[in-house]
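The values are calculated or read from the model by the stated rules, or taken from the named source; none is laboratory data. Keep in mind that what you see is a predicted model, and the values were worked out from it rather than measured. Using ideal geometry, Cβ is built from the backbone for each residue, glycine included, and neighbour counts are taken over all protein chains shown.
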Amino acid sequence: MLAFLDTEFTDLVIRPRLLAVGLVTTCGDGREFYAEVTDQDRLQATGWYGRGAVLPQFGKIAHAACCYAELGARLSVFMDDLAKSLKNDEFIELAFGYHLDWELVDLAIQDAKSPSWALTRLRVRPMNVYEFTGFGPGRLATDAYFKAQAHAPFSRHHALCDARALRLAYDAAIRESAPPWLAPETVDEWPDQHATA
């Protein structure tokens, strides 16, 4: 299973702390996860960029607001459910565009003291796909998506929106790199089998 992760965090300089998590899967049911923190210490520690681009987009998704501990617990349940839907030889290929995305999510679940995370984590294969998705067709797909989202309730720098954009970028990059003998209509089935690109 291929899933796409994005996070928002306080800043890049002084001890980045998680603010929001967005996760989308390539499962047939299109599962998504989104949560944002309400902890005042985290919100107040957010740098000037996050205060202008990230925090104004909070509160746009019902029931997403929670404290940091609950965010970790919710995320653990979501990841456990994904792992339970896998066959014995399958993994969750967790794609992200920046190393802190995975590190902060892993830490949040650990901080929530999830008893199942140690086993679930064995089924997760984190992979930074920026070099694959951040240029060429991936970048074009991302830019087009963000342009289309410009007047939506939430857009770029909202973790769920960015996770969706990453999925589109990955799909576009896969299509571009697909062998010429692969029929275009089958490319949609391709990412799950070739998630290690």
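General observations
- When D6, D111, D11, D106 are checked against the criterion of being of a type in the set (D, E) and at pLDDT below 95, D11 stands alone in meeting it.
- Filtered by the rule that a residue be in a helix (DSSP H, G or I) and under 19 Å from C67 (Cβ atoms), segment 105-121 gives V105, D106, L107, A108, I109, Q110, D111, W117.
- Summed over segment 111-147, residues that are acidic (D, E) and surrounded by 16 or more Cβ atoms within 10 Å (Cβ to Cβ) total 0.
Residues are listed down the side, and each one gets a yes or a no for (1) loosely packed, with under 15 Cβ neighbours inside 10 Å; (2) under 23 Å from A95 (Cα atoms):
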{"site": "M1", "(1), (2)": "no, yes"}
{"site": "E8", "(1), (2)": "no, yes"}
{"site": "V13", "(1), (2)": "yes, no"}
{"site": "L19", "(1), (2)": "no, yes"}
{"site": "T38", "(1), (2)": "no, no"}
{"site": "T46", "(1), (2)": "no, no"}
{"site": "Y49", "(1), (2)": "yes, no"}
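- Every condition in (1) modelled with pLDDT under 95; (2) of a type in the set (S, T, Y); (3) closer than 23 Å to D111 by Cα holds for T26 except the one numbered (3).
- Test: residue in segment 29-37 that is over 19 Å from Y170 (Cβ atoms) and in contact (Cβ under 8 Å) with a residue 60 or more places away in the chain: yes
- Against the test of being assigned to a helix (DSSP H, G or I), in contact with a helix residue (DSSP H, G or I) (Cβ under 7 Å, 6 or more places away or on another chain) and not polar (S, T, N, Q), the options L82, L100, L75 yield a single qualifying residue, L75.
- For K87: the one exception among (1) surrounded by fewer than 16 Cβ atoms within 10 Å (Cβ to Cβ); (2) at pLDDT 95 or above; (3) among the basic types (K, R): (2)
- Candidate set from segment 51-64 (those that are under 17 Å from the mean Cα position of the chain (by Cα) and within 29 Å of R123 (Cβ to Cβ)); member that is surrounded by the fewest Cβ atoms within 10 Å (Cβ to Cβ): I61
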